[in-house]
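Working notes, structure below.
The values are calculated or read from the model by the stated rules, or taken from the named source; none is laboratory data. Values in this document were obtained by computation on a predicted structure and should not be read as measured data. No Cβ is skipped: glycine too gets one built from the backbone with ideal geometry, and neighbour counts run over all protein chains shown.
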């Protein structure tokens, strides 16, 4: 039984979040093992157990109300955030009515297509909805078998599909029109049809766009992939919108640019980036010019902000490591998945991950999946590599009087497991020593 006072935020922060995460992860591992051996009845039973789990309910509420990037966007009810008391009320509502609830209505907002046209579907799920990808996978399951071949006793499916986007690779002897007709027949049985505007039959030497990349086979026979023109235009538009916004100071601009630039570079880190280096240099130079115009910044301080706004991301062309179909973060191999996640970071963050054995310095749990990590300095004066630690990016924190006297810098939020004293202000953090027993 979890006891709490509904009139303070201390009860929310004092919840055993570390225990919640371990309990949920243990159940998720059991679901994975049951599916792996084909025991669907046990997997379904465990899924129902997760729905009734207190750990899952509290973690889901925290994810939606605190951690989601879109938490500041109001829903159809106009609410942007939940108070601590409302979060407990929501958990109680989920516990009492977990199997009997109705979602609120959806707000219909037409989104223009790439060609400028707007189409509002009369049926189906909204575009961008969380259930849309899984429904697409269910409906299109088996479409890969339309065009497959055998080589040395192995079945080869020369196609790549991501939700409802698909690329089929043909040999010179294959009939593209015939395969397209078979795909149309496959879709018609499911009440769908091939989009004539998006479907294209082209030679590999002419190139094609897929998932934000442009793929092409060069004249020398070598394969080449680069960011697509449309993808780079959208990225450049986001950068210019922040740089040219007079409502932001240079420090705020650097903070807003950093995740956008890092995310774009990480997404395209396995591409050939020669074609966009000059344009990135132009964006970098334009941003530097804007920063130096502010009277409070010198050339040196502007250069530091530029390095923060445009972080360097190592390029590994054609070196992506595929994941086997049966592998999952819930297979128990936490070390492997933690190291794979650490490749998204570089510099001091990457070094700190290796030093901490890919564990959070506060709660001691591994960084897995797409969990965000935050770089902290233990001491405000000493900012060398020895003073850097990493923690889960979770917002529920405060400083003790002892740590305030030590001038501990808390540039981000931390886990709540080690937070036991301090004020009620959010956005502060607690720093646990590297020699903690949590590891």
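Observations, loosely collected:
- Checked against the criterion of being in contact with a strand residue (DSSP E or B) (Cβ under 9 Å, 6 or more places away or on another chain), assigned to a loop (DSSP other than H, G, I, E, B) and either at negative phi or at pLDDT 70 or above (or both), segment 82-101 has no qualifying residue.
- Of all the criteria given as (1) surrounded by 15 or more Cβ atoms within 10 Å (Cβ to Cβ); (2) touching a helix residue (DSSP H, G or I) at 6+ places or on another chain (Cβ under 8 Å), the one not satisfied by residue 190 is (1).
- Residues of segment 269-285 include none that is at pLDDT 85 or above, farther than 23 Å from residue 300 by Cα and outside any loop (DSSP other than H, G, I, E, B).
- Counting residues in segment 210-219 that are at pLDDT below 85, over 30 Å from residue 283 (Cα atoms), outside the structural domain of residue 284 (by TED's automatic domain parsing) and surrounded by fewer than 13 Cβ atoms within 10 Å (Cβ to Cβ) gives one or more.
- Selection count, segment 235-256, where residues are surrounded by 13 or more Cβ atoms within 10 Å (Cβ to Cβ) and in a helix (DSSP H, G or I): 13
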